[in-house]
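A short write-up of the structure that comes next.
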2 protein chains.
Amino acid sequence: MKQTHILLGHGSGGRLSHELIRNLFVRHFHNPLLEQQGDAALIDVNSKKLAFTTDSFVVDPLFFPGGDIGKLAVAGTVNDLAVSGAVPKYLSAGFIIEEGFPLEMLEKVVISMAAEAQKAGVLIVTGDTKVVEKGKCDKLFINTAGVGEMIEGAENIAAGSTIEAGDKILINGSVGDHGMAVMGARNQLNISAGILSDCACLNQLTEMAIKQTNAIKFMRDATRGGLGTVMAELCEGRNFGIQLFEENIPMKEGVRGMCELLGFDPLYVANEGKVVVVVSPDAAEHLLKLFRAHPLGKEAVIIGEITSAHAGRTWLETSIGGSRIVDMPAGEQLPRIC
Amino acid sequence: MKQTHILLGHGSGGRLSHELIRNLFVRHFHNPLLEQQGDAALIDVNSKKLAFTTDSFVVDPLFFPGGDIGKLAVAGTVNDLAVSGAVPKYLSAGFIIEEGFPLEMLEKVVISMAAEAQKAGVLIVTGDTKVVEKGKCDKLFINTAGVGEMIEGAENIAAGSTIEAGDKILINGSVGDHGMAVMGARNQLNISAGILSDCACLNQLTEMAIKQTNAIKFMRDATRGGLGTVMAELCEGRNFGIQLFEENIPMKEGVRGMCELLGFDPLYVANEGKVVVVVSPDAAEHLLKLFRAHPLGKEAVIIGEITSAHAGRTWLETSIGGSRIVDMPAGEQLPRIC
């Protein structure tokens, strides 16, 4: 069915988002850089390669266990640059604030942004503030854009253009933490007690991985749409398939329980500190060791591999021995988690 | 009085905005690049100087005579780069859309952005879409960030650090058009008939001016807060004053009439295609000729000069022979014009 109006699903990162991006934004803004459709664009400035990216944050509620909109706004954009093979350097920050919003709360958000930027080694160098009348936005929205310097030899990572059958797929830890932490905070659910968002800047982890292995073929942070969407998107239209092993995919007990109770598929629940990496098979064990020695990679595991079979499709071998396709979700299972 | 909550005036570009920026954003994000507080930050990437800037657009209504939120979102960021002495190259575009927004209208906005980007010679290379529930934002907000290459020798233009007494002040045309066009469209006022927003990308004009005179000391686009705010801001805390001549300041009859009727001071009404330039006295006439030969500078005039008297203050010699101080406005006379 052809949509005539914007649905929540158009912002999901799933099928509807992809259609909107392809049929509207890419079609009209058409240029080869946009058509790369990575998490960041690789741009030429003064004949040097830079990565450039943007994200808006509309998370509800603004504060949740493990983070807040400010931390998220920094980490989200830092991570988009990082997984594109860049060293993040500079951020912009655009605030849209509802009239009547408490200054004290704004300051908490700003302090959180500053702390996260410092941790990641990036500078917030330019900004903008707009205020709209009470009722015309929901408290606070933040946009960040970021510029990073490409790591030499990392130009193919964002597109994954060198991926081939046999490559291994790694993740740096458990899935679904961020989505369930926000869900719990939004609805004040007791069952979410103890679940913290994994929101974190991954740039030091990714830079180390690229430089010390020289064998990274693709990286993507599994945010909106979760691990499942990243995998489905990666192999769509390509000459390889993906095989995932469910029992290898790390998941916290609390997250698993909450997903079961509420009917969410944890494969599609958002993360904000998880990176999925495709690496040459001969370098996979080395990468695993490197990851596990880093605070943000302690629970890293190999969760799957690239196959020559079922090209364009992601298959999940389930814990109980079955097999199912991991498709891109059509709509939105959990709006406004970032 | 110390504010505890965000007011509309915090987004005005006037006194309250400045306090918020200084006391909150600059204080917590503190770094020398942010403290330049130009329209764009000058950043070092791969040992080259770039300009980097961001703006969010929340204009109401989305479409107005002479433009729309899309055209504005491109021109606004292009102009911030241009007046900083850069050649704008790449833009990002972040959309926050209200659930239920008509796709057809979104497409009109996107087409308008694409056309304006093409005219300015910039590429929209990366983007993001968020959708919020109906009632949680007002139709559509757009953030653009931009990256430009600094023109050699233009590093001091954004800060105006070489300004001295005797320098001339130019503007490329009439003031107040944008604010009154939006005001008229918002309230469906008959008196605004024929008033068009001046929304336009100024980068070709500014690049030509910098390169062909080598005498430009400062440029700023007079957007939120209008010409008056730009002037008050420029001399604040500096060792020079500003003298403006009211009878030289170009204004369309319709804008003058509408301002009189509604009680607006046109000096503080927003423009979206007007640049204020400080230039060495010996190059002023040459610049005027260059401007007048360009479609966006046909009505350029010298409107004032830098003085050694009344340092830190802008004085306006009025048409009737009086004199008054042009101060920075405290609050907001016209919210959501950009």
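The values are calculated or read from the model by the stated rules, or taken from the named source; none is laboratory data. None of the values given here were measured: they were computed from a predicted structure. Because the Cβ atoms are built from the backbone with ideal geometry, glycine has one as well, and the counts that use them run over all protein chains shown. Surface accessibility is based on the protein's heavy atoms, side chains included, excluding ligands, DNA and RNA. Shrake-Rupley method; radii C 1.70, N 1.55, O 1.52, S 1.80 Å.
A few remarks follow.
- Scanning the range A:115-146 for residues that are facing chain B (nearest Cβ under 8 Å) and among the hydroxyl-bearing types (Ser, Thr, Tyr) gives A:126, A:129.
- The one condition in (1) surrounded by fewer than 21 Cβ atoms within 10 Å (Cβ to Cβ); (2) β-branched (Val, Ile, Thr); (3) not assigned by TED's automatic domain parsing to the domain that holds residue A:42 that residue A:157 fails to fulfil: (1)
- Count - residues of the range A:53-65 that are facing another protein chain (nearest Cβ under 7 Å), part of a strand (DSSP E or B) and out of contact with any Leu (no Cβ under 8 Å at 6 or more places or on another chain): 3
- Counting only residues that are among the hydrophobic types (A, V, I, L, M, F, W, C), open to solvent by 10 Å² or more (accessible area, probe 1.4 Å) and within 9 Å of chain B (Cβ to nearest Cβ), the range A:102-114 holds 3 of them.
- Condition met for residue A:149 (open to solvent by 10 Å² or more (accessible area, probe 1.4 Å), in contact (Cβ under 8 Å) with a residue 60 or more places away in the chain and at the interface with chain B (Cβ under 9 Å from one of its Cβ atoms)): yes
- Any chance residue B:25 is within 20 Å of residue B:159 (Cα to Cα), within 7 Å of another protein chain (Cβ to nearest Cβ), open to solvent by 10 Å² or more (accessible area, probe 1.4 Å) and modelled with pLDDT of 90 or more: yes
- Residue list for the range A:28-49, filter: more than 17 Å from the chain's Cα centre (by Cα), at the interface with chain B (Cβ under 8 Å from one of its Cβ atoms) and not in a loop (DSSP other than H, G, I, E, B): A:28, A:33, A:34, A:43, A:45, A:48
- Residues that are more than 7 Å from chain A (Cβ to nearest Cβ) and at positive phi within the range B:68-100 comprise just one, B:85.
- Those strands (runs of 3 or more DSSP E) lying entirely in the range B:129-228 with at least 3 residues within 27 Å of residue B:245 (Cα to Cα): B:168-171, B:216-221
- The condition (being on the phi > 0 side of the Ramachandran plot and assigned by TED's automatic domain parsing to the domain that holds residue B:175) is satisfied by just one residue among B:321, B:254, B:228, B:297: B:321.
- Residue match in the range B:209-218 (condition: among the β-branched types (Val, Ile, Thr) and open to solvent by less than 10 Å² (accessible area, probe 1.4 Å)): no
- Options A:71, A:89, A:119: the member that is assigned to a strand (DSSP E or B), open to solvent by 30 Å² or more (accessible area, probe 1.4 Å) and at pLDDT 95 or above: A:89
- Test: residue in the range B:157-179 that is more than 30 Å from residue B:308 (Cα to Cα), under 20 Å from the mean Cα position of the chain (by Cα) and not small (Gly, Ala, Ser): yes
- Of all residues making up the range A:3-22, the number that are open to solvent by 60 Å² or more (accessible area, probe 1.4 Å) and within 9 Å of chain B (Cβ to nearest Cβ): 3
- Within the range B:308-338, restricting attention to residues that are among the aliphatic types (A, V, I, L, M) and in contact (Cβ under 8 Å) with a residue 24 or more places away in the chain, the residue that is farthest from residue A:98 (Cα to Cα) is B:309.
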